[in-house]
Amino acid sequence: MTSPTSRRTVLTAAIAAAAGASAATASSAFASPAPSTSGGPTARPSAAPKALVDNRFWHTYTDWRRGAGDGTRVLPGLRPGLVIASPAGRSDYTDPHTGTTAAWEYAVWTSPEHRCAVPATEVIASWNARTPAGTWIQTELSGRYADGTATPWFVMGRWASGDGDIRRTSVDGQGDPHSTVWTDTLSVDDPASGVRLVSYRLRLTLYRTPGSRLTPTVWRAGAMASDVPDRFTVPASAPGPARELPVPRYSQNVHIGQYPEYDNGGEAWCSPTSSQMIIEYWGRRPTARDLAWVKPGLPDPQVCHAARYTYDYQYEGCGNWPFNAAYAATYRDLNAVVTRLGSLDDVERLIRVGIPVITSQSFLKEELTGAGYGTAGHLMTVIGFTREGDVIANDPASPDNRAVRRVYRRREFENIWLRTKRYDANGAVRSGTGGVCYVYWPSDLSPSRRRVLRELGLV
């Protein structure tokens, strides 16, 4: 298993098969009763449950206008976007992964300060953008603590949809006395100390080749702030109605050994494989021209394509959460965010209106019956629920495409996905993702889909 060590929370570039085979604040959907640490029944809470997650995504014309622009303007329309109007300046950038230095014109947009409904121990930014050749973007975040002090501006990603101008990258070595950026996550170092991030601002810098009329377009940018308590077990949810969505099935393992320059090959591609499944569920896919670089005769070349264009050159993996969401959003009228959900009830609400969910989890082999492997971090796609409430998942850690559809026990799946603490095979305490997931959806939403996404704080 290959998993870079420069991250506290579990990232999903590690592969499962290696072990064995806009504005919205937190809603009741993100609330959770006090967890049962004994694994037994959870006592009924005596007060309203505490909200654990707050989402804020800027994406409307009004949202963009409320921010402070320096050289940017807002394109109106059904999908308003932020673009370069006239450059605010010029700067050089030396790509740490190629050594190439180039000059770029830039414009900057800074969000209003967003006060979190949930004083947070972690903040994860995500964005949806188009970057034609000759352009790229940088996303930064600055948080404010409860004592009024602020973090520096942390780089949460330098990103382009292609790889011909810069290498998309996270930035290591960022932190202050209270927090650290672990690849894509700004995390309070010692949550037990009581330190919390109570607000934040985002800053987007749009770059282009000097003298050109090119521009990136940013349609959505924001963050998920959360304060999920440390817990080895989580409360069980009650099953809802059965439904299964017709999501394409792709195995990462049919790509073992292919393109090792992207995280050692297909055995590590759980995240882009899962992303590609949902992209195609929504009727989008790369063109023949897009796939012309893939060696002829390889199965499912679009999975190779997804791995290449989600790859984080600093993390050296395809499991950067916002990079996967950003890749999905390069397809026509697709929106994508990284968030946390509160329970499988929330996933069922999305499934009920036809929206599948990509979940991130880690587990020992014996903790997920029928998986046949253990993993320090793995992505899979939840596509439905059985009549008994068990989870129907497209698990890319399968020997071939036909074997991808799995049914996992509800209680086991919910616990390994939502917990924040777990034991590894040696009995050491490790972290869990606390309900991290990707949610992708088209811009043309039915009323029922829009309602559920709004209730979950995503639109």
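The values are calculated or read from the model by the stated rules, or taken from the named source; none is laboratory data. Keep in mind it's a predicted model, so treat the numbers as computed, not measured. Note: ideal-geometry Cβ built from the backbone for every residue, glycine included; neighbour counts use all protein chains shown.
Mind checking which residues of the range 397-422 are more than 14 Å from Gly370 (Cα to Cα) and part of a loop (DSSP other than H, G, I, E, B)?
Asp400, Arg419, Thr420
If you take the residues in the range 81-140 that are more than 20 Å from the chain's Cα centre (by Cα) and among the charged types (D, E, K, R), which one is nearest to Phe154 (Cα to Cα)?
Checking each candidate, the answer is Glu113.
Output the residue which, of all residues in the range 320-366 that are in contact with a helix residue (DSSP H, G or I) (Cβ under 6 Å, 6 or more places away or on another chain) and of a type in the set (Phe, Trp, Tyr), is surrounded by the fewest Cβ atoms within 10 Å (Cβ to Cβ).
Among them, the one singled out is Tyr331.
Rundown of residues vs (1) buried (at least 19 other Cβ atoms within 10 Å of the Cβ); (2) within 15 Å of Tyr327 (Cα to Cα); (3) touching a Phe, Trp or Tyr at 6+ places or on another chain (Cβ under 9 Å), yes/no style:
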residue: Tyr250; (1), (2), (3): yes, no, no
residue: His255; (1), (2), (3): yes, no, yes
residue: Asn264; (1), (2), (3): yes, no, no
residue: Glu267; (1), (2), (3): yes, no, no
residue: Ile279; (1), (2), (3): yes, yes, yes
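Let me confirm something: among Arg90, Arg66, which residue is under 30 Å from Tyr315 (Cα atoms) and either in the same structural domain as Pro191 (by TED's automatic domain parsing) or surrounded by fewer than 15 Cβ atoms within 10 Å (Cβ to Cβ) (or both)? Walk me through it before giving the result.
On the way: Arg66 fails: under 30 Å from Tyr315 (Cα atoms).
Going through Arg90, Arg66 in turn, the sole match is Arg90.
Which residues, counting only those in the range 172-227, are among the aromatic types (Phe, Trp, Tyr) and closer than 20 Å to Arg90 by Cβ?
Scanning the range 172-227 gives a single hit, Tyr207.
Considering only the range 83-125, state which residues are in a strand (DSSP E or B) and farther than 18 Å from Thr139 by Cα.
Taking the range 83-125 and keeping what is in a strand (DSSP E or B), we get 83-84, 89-94, 101-110, 114-120, 122-125.
Those that are in a strand (DSSP E or B) and farther than 18 Å from Thr139 by Cα: Thr101, Ala102, Ala103, Arg115, Cys116, Ala117, Val118, Pro119, Ala120.
Based on what the data block shows, is Arg308 surrounded by fewer than 24 Cβ atoms within 10 Å (Cβ to Cβ) and either touching a Phe, Trp or Tyr at 6+ places or on another chain (Cβ under 7 Å) or in a strand (DSSP E or B) (or both)? If you could, list the steps in order and put the result at the bottom.
Values: surrounded by fewer than 24 Cβ atoms within 10 Å (Cβ to Cβ): yes; either touching a Phe, Trp or Tyr at 6+ places or on another chain (Cβ under 7 Å) or in a strand (DSSP E or B) (or both): yes.
Considered against the rule, which asks whether it is surrounded by fewer than 24 Cβ atoms within 10 Å (Cβ to Cβ) and either touching a Phe, Trp or Tyr at 6+ places or on another chain (Cβ under 7 Å) or in a strand (DSSP E or B) (or both), Arg308 comes out as yes.
From (1) more than 15 Å from Arg201 (Cβ to Cβ); (2) exposed (fewer than 15 other Cβ atoms within 10 Å of the Cβ), pick out the condition that doesn't hold for Glu113.
Condition not satisfied by Glu113: (1).
Looking at the range 430-456, which of the residues that are of a type in the set (Gly, Ala, Ser) and under 30 Å from Thr375 (Cα atoms) is nearest to the chain's Cα centre (by Cα)?
So in the range 430-456, the residues of a type in the set (Gly, Ala, Ser) come out as 431-432, 434-435, 443, 446, 448.
Going one step further and asking which of them are under 30 Å from Thr375 (Cα atoms), we end up with 431-432, 434-435.
Details: Ser431: 17, Gly432: 15, Gly434: 13, Gly435: 11 Å.
So, considering only residues that are of a type in the set (Gly, Ala, Ser) and under 30 Å from Thr375 (Cα atoms), the one nearest to the chain's Cα centre (by Cα) is Gly435.
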